[in-house]
Amino acid sequence: MSIIALTLSFQSCNNDSKEAKITNQAKQEAVSSKEANTYKVDTLASKITWEGGTLASKHLGTIILQSGELKLKDSKIESGSFTANMNTISTTDIPDPEKAKLLNNHLKNEDFFDVSKFPSSKFVITLVKPIESGEYNVELEGNLEVKGITKNLSVKANVKAEGDKVTLKTEKFTINRQEFNITYSNGEPQDKLIKDLLDISVDIVANKEAN
């Protein structure tokens, strides 16, 4: 099987995802109040899930977080950030280990995410907007940095505090890979075989930091 046959296409595969509102201008990081409590991200219990596919098929995968924290006051999120370890990007739906390894390595090399040069991606909250009703309880604006390119986007999420634990689960949202220079071999003809949208969802578990 050729690498193009395995290559991830950044195209939304489901119609239940929502394209994120993205602006080119990064914004100032949100500042929490002095009374806010800090919750450290549990990297073993947290993950980013991606979904995409070639013109003929789709793939699912994950990226593991390497660090992060959320700040809450009275169970309401005020600020936060998290960093993803791009060396952990992997597919989860290819049963053949060798074929999965081939795609994983392809995603990591200079053809796409170039993780030796850009080993991490980061999201920093810049604004929190409460949502009074519906499936999600906050809208988060934040600076997303991928491959050294930072853009501000908006995504809905559910943030719940229970005891010393906080969970944050985003809606499934879509970004355009071209806006972050995620192009196959820097835009060679094969890149046209790959569609531009990537479905993402984020699940975070964070534990209260001891005073």
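The values are calculated or read from the model by the stated rules, or taken from the named source; none is laboratory data. Everything quoted here is computed from the prediction, not taken from an experiment. All Cβ positions, even for glycine, are placed from backbone atoms using ideal geometry, and neighbour counts span all protein chains on display. Calculation scope for accessible area: heavy atoms of the full protein, side chains included, ligands and nucleic acids excluded. Shrake-Rupley method; radii C 1.70, N 1.55, O 1.52, S 1.80 Å.
Miscellaneous remarks
- Of the strands (runs of 3 or more DSSP E) entirely within the stretch 118-191, those holding at least 1 residues that are acidic (Asp, Glu) and in contact (Cβ under 8 Å) with a residue 24 or more places away in the chain occupy 138-146.
- Of everything listed in (1) over 21 Å from residue 174 (Cβ atoms); (2) in contact with a helix residue (DSSP H, G or I) (Cβ under 7 Å, 6 or more places away or on another chain); (3) assigned to a strand (DSSP E or B), the single unmet condition for residue 89 is (1).
- Looking only at the stretch 46-86, residues that are assigned to a loop (DSSP other than H, G, I, E, B), open to solvent by less than 60 Å² (accessible area, probe 1.4 Å) and among the aliphatic types (A, V, I, L, M) come to 0 in all.
- Residue in the stretch 183-206 that is open to solvent by 70 Å² or more (accessible area, probe 1.4 Å), in contact with a strand residue (DSSP E or B) (Cβ under 6 Å, 6 or more places away or on another chain) and at pLDDT 90 or above present: no
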